[in-house]
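**Student:** Just dropping this structure here.
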Amino acid sequence: MRQGCISLGQVRCDDCHRIIPYPERYLAIDEAEGTTVRLCIDCALKRGYARYKVEKGEQVLTFLEE
Ligand SMILES: [Zn+2]
């Protein structure tokens with residue numbers, strides 16, 4: 001299951017390993033083994049798990065949740 005979350009500042013991206021600062025959004029992915037993988041916006045975009053869409057003239061980030 002994938003879920004968009006807001007970082008409280010203690011979250012590290014499991015792909016590029018940078019700290020995701022508050023209040024940046026990240027994607028939490030529950031793996032089958034009970035572990036959770038966290039991806040920053042850049043890595044989520046890179047993997048196709050998020051995309052920007054334009055809403056009322058503004059770019060809005062959308063996580064593609066399951
Ligand atoms: Zn990352």
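**Student:** Looking only at Cβ-Cβ distances, which cysteines of the chain have no other cysteine closer than 4.7 Å?
**Tutor:** Those would be C5, C16, C43, since no other cysteine Cβ in the chain comes under 4.7 Å of theirs.
**Student:** In addition: Under the √(5λ) rule applied to the eigenvalues of the Cα gyration tensor, what semi-axes describe the equivalent ellipsoid of the chain? Give them in Å, descending.
**Tutor:** On the way: eigenvalues 81, 41, 20 Å².
Semi-axis lengths for the chain are 20, 14, 10 Å.
**Student:** Under a Cβ-Cβ cut-off of 12 Å, what is the net charge of the residues other than A50 that fall near it, where Lys and Arg count +1 and Asp and Glu count -1? Let's see the in-between values first.
**Tutor:** Numbers: positive: R2, R25, K46, R47, R51, K53; negative: D42, E65.
Counting the neighbours of A50, the net charge comes to +4.
**Student:** Okay, next question. Highest mean first, what order results for 41-50, 23-32 on Cβ atoms within 10 Å? Don't jump to the answer; show the numbers that get you there.
**Tutor:** Values: 41-50: 16.9, 23-32: 14.4.
Ranking, from highest mean packing down: 41-50, 23-32.
**Student:** Also, quick follow-up: Using the Karplus curve 6.51 cos²θ - 1.76 cosθ + 1.60 with θ = phi - 60°, what ³J(HN,Hα) values do you get for each residue of the stretch 49-62, in whole Hz, with x for Gly and Pro?
**Tutor:** With the stated coefficients, the stretch 49-62 comes to 8, 8, 8, 8, 10, 9, 10, 6, x, 10, 7, 10, 7, 10 Hz.
**Student:** How much length is gained on full extension from R2 to L64, taking 0.36 nm per residue of separation minus their Cα-Cα distance?
**Tutor:** Between R2 and L64, full extension yields an extra 21.6 nm.
**Student:** Can I ask one more? Just subtract the alpha-carbon distance of D30 and Y52 from 0.36 nm times their residue separation and send over the number in nm, one decimal. Walk me through the numbers on the way to the answer.
**Tutor:** Working: separation 22, 0.36 × 22 = 7.92 nm, distance 2.26 nm.
Taking 0.36 nm per residue and subtracting the Cα distance, the gain is 5.7 nm.
**Student:** Enumerate the amide H contacts of E24 below 5 Å, restricted to partners 5 or more residues apart or on another chain; note that Pro and chain-start residues carry no placed amide H.
**Tutor:** Answer set, sorted by chain and number: S7.
**Student:** Mind putting a number on the dipole of the stretch 12-66 about its Cα centre? Charges go on the C-beta only, +1 for Lys and Arg and -1 for Asp and Glu, and I need it in Debye to the nearest 20. Walk me through the intermediate numbers first.
**Tutor:** Details: 9 positive and 11 negative charges, 61 e Å.
Taking the Cα centre of the stretch 12-66 as origin, the dipole is about 300 debye.
**Student:** Keeping every protein chain present and rolling a 1.4 Å probe, give me the accessible area per residue for the chain in Å².
**Tutor:** Numbers: 4580 Å² over 66 residues.
With all protein chains present, the chain gives 69 Å² per residue.
The values are calculated or read from the model by the stated rules, or taken from the named source; none is laboratory data. Here the structure is a predicted model, which is why all the values come from computation and not from measurement. No Cβ is skipped: glycine too gets one built from the backbone with ideal geometry, and neighbour counts run over all protein chains shown. The accessibility values were calculated without ligands, DNA or RNA, using every heavy atom of the protein model including side chains. Shrake-Rupley method; radii C 1.70, N 1.55, O 1.52, S 1.80 Å.
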